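No value in this document is a laboratory result; all are computed from the given coordinates. Keep in mind that this is a model prediction, so the values were computed, not measured. Please note: Cβ atoms are built from the backbone with ideal geometry, for glycine as well, and neighbour counts cover all protein chains shown.
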Amino acid sequence: MSGQILVTGATGTVGRQVTAQLLEAGVEVRALTRGPADLPPAVEQVRGDLSVADSLGAAVQGIEAVFLVWPFASAEGLEAVLPMLAEHARQVVYLSSAAVRDHERQAEQLIERSGLEWTILRPHAFAANTLRWAEQIRAEGVVRGPYGQAAMSLVDERDIAAVAVRALTRDGHAGAVHELTGPHSLTQAEQVRVIGEVVGRPVLWAETSVQHARQQMLARGWPAEVVDGILQAQAEMTLGPAPVTATVEEVTASAARTFRSWVAEHAPAFRALT
Ligand SMILES: NC(=O)c1ccc[n+]([C@@H]2O[C@H](COP(=O)([O-])OP(=O)(O)OC[C@H]3O[C@@H](n4cnc5c(N)ncnc54)[C@H](OP(=O)(O)O)[C@@H]3O)[C@@H](O)[C@H]2O)c1
């Protein structure tokens with residue numbers, strides 16, 4: 001890999017790590033940003049909006065590969081973006097999802113037909129999703145929600161990024177679909193307990209009714225079909241442990257990071273101010 005890599009979503013959970021790890025590997029990084037972004041000075045920032053294909057002209061000039069985040073609930077618009085990428089780049093690594101919802105499946109299919117050499121990453125739920133509990137944990141040491149027994153093999157964003165960086169910088173990943181998990185399946189109640197153990201005070205899971213959770217999400221303005229999709233997925237996760245794959249270790253030669261180590265890195269977010 002000699003040319004520059006375009007990182008989309010570079011200010012996001014995974015893209016920020018991809019950017020940092022590419023820089024560490026000595027690779028030149030260009031970030032697609034919608035406005036001035038707080039990124040390392042070595043990163044070239046080029047403005048563009050993924051929802052407006054015409055805005056990407058400057059960002060794609062001279063690039064060799066792309067880390068592609070498609071942060072929308074529909075694949076609409078991707079068909080116009082891919083030819084622009086394919087005109088300049090040789091390769092794309094796409095951040096999909098293990099859930100492979102309809103729009104992610106459509107995006108994967110478009111990418112597979114784009115003419116670019118492709119690698120698809122299908123991560124399971126991110127460990128970083130638990131930051132949504134941080135405020136409740138700091139305020140009262142309790143997380144309220146339905147389906148405490150829903151199990152997930154939470155994956156650390158640094159591991160997703162490490163796999164992306166391997167795929168972007170080494171041979172052998174063309175046409176690969178990498179399903180990525182952390183090393184253990186943990187229920188939501190267990191995740192909360194681990195957070196308490198790491199921050200040094202008990203944190204409890206308080207089960208609420210599905211109906212109550214549904215009302216709360218609707219009150220936030222979320223569409224009913226999205227809310228019902230989330231609740232249905234959580235109900236299915238109570239049926240048994242979540243699958244665990246060996247892919248992170250196989251690709252990076254390092255064991256997948258545990259949820260406990262992720263929490264230790266982010267402990268201040270969960271610690272009450274004293
Ligand atoms: N959370 C999970 O558990 C999970 C699991 C599997 C897969 N995923 C997938 O991961 C992806 C999200 O990744 P993430 O969590 O790393 O991202 P994120 O933290 O949600 O950040 C989104 C990124 O996309 C950028 N962005 C948003 N709209 C844009 C636009 N119109 N044009 C250009 N850039 C735009 C944002 O840039 P700005 O700074 O400009 O806002 C930001 O860098 C989604 O596709 C999701 O389906 C998530």
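Screening region 1-15 for residues that are near the ligand (Cβ under 9 Å from one of its atoms) and surrounded by fewer than 21 Cβ atoms within 10 Å (Cβ to Cβ) and picking the one that is nearest to residue 252 (Cα to Cα) gives 13. Within region 85-107, none of the residues are of a type in the set (A, V, I, L, M, F, W, C), away from the ligand (no atom under 12 Å from the Cβ), over 18 Å from residue 120 (Cα atoms) and more than 20 Å from the chain's Cα centre (by Cα). Quickly run through region 16-44 and pick out the residues that are within 11 Å of the ligand (Cβ to nearest atom) and either β-branched (Val, Ile, Thr) or surrounded by fewer than 20 Cβ atoms within 10 Å (Cβ to Cβ) (or both). The answer is 18, 19, 33, 34, 35, 36, 37, 38. The helices (runs of 4 or more DSSP H) falling completely within region 147-253 that include 1 or more residues that are under 25 Å from residue 264 (Cα atoms) and in contact with a Lys or Arg (Cβ under 7 Å, 6 or more places away or on another chain) map to 157-169, 188-199, 247-252. Filter region 54-74 down to the residues that are more than 11 Å from the ligand (Cβ to nearest atom), more than 19 Å from residue 22 (Cβ to Cβ) and crowded, with 18+ Cβ neighbours inside 10 Å and list them by number. Correct list: empty. For region 17-62, the candidate set comprises residues that are in a helix (DSSP H, G or I) and hydroxyl-bearing (Ser, Thr, Tyr); within that set, the residue that is nearest to the chain's Cα centre (by Cα) is 19. Among residues of region 226-242 that are surrounded by 13 or more Cβ atoms within 10 Å (Cβ to Cβ), those with a beta-carbon under 6 Å from a residue that is among the aromatic types (Phe, Trp, Tyr) at least six positions away or on a different chain give the pairs 234/147; 238/147.
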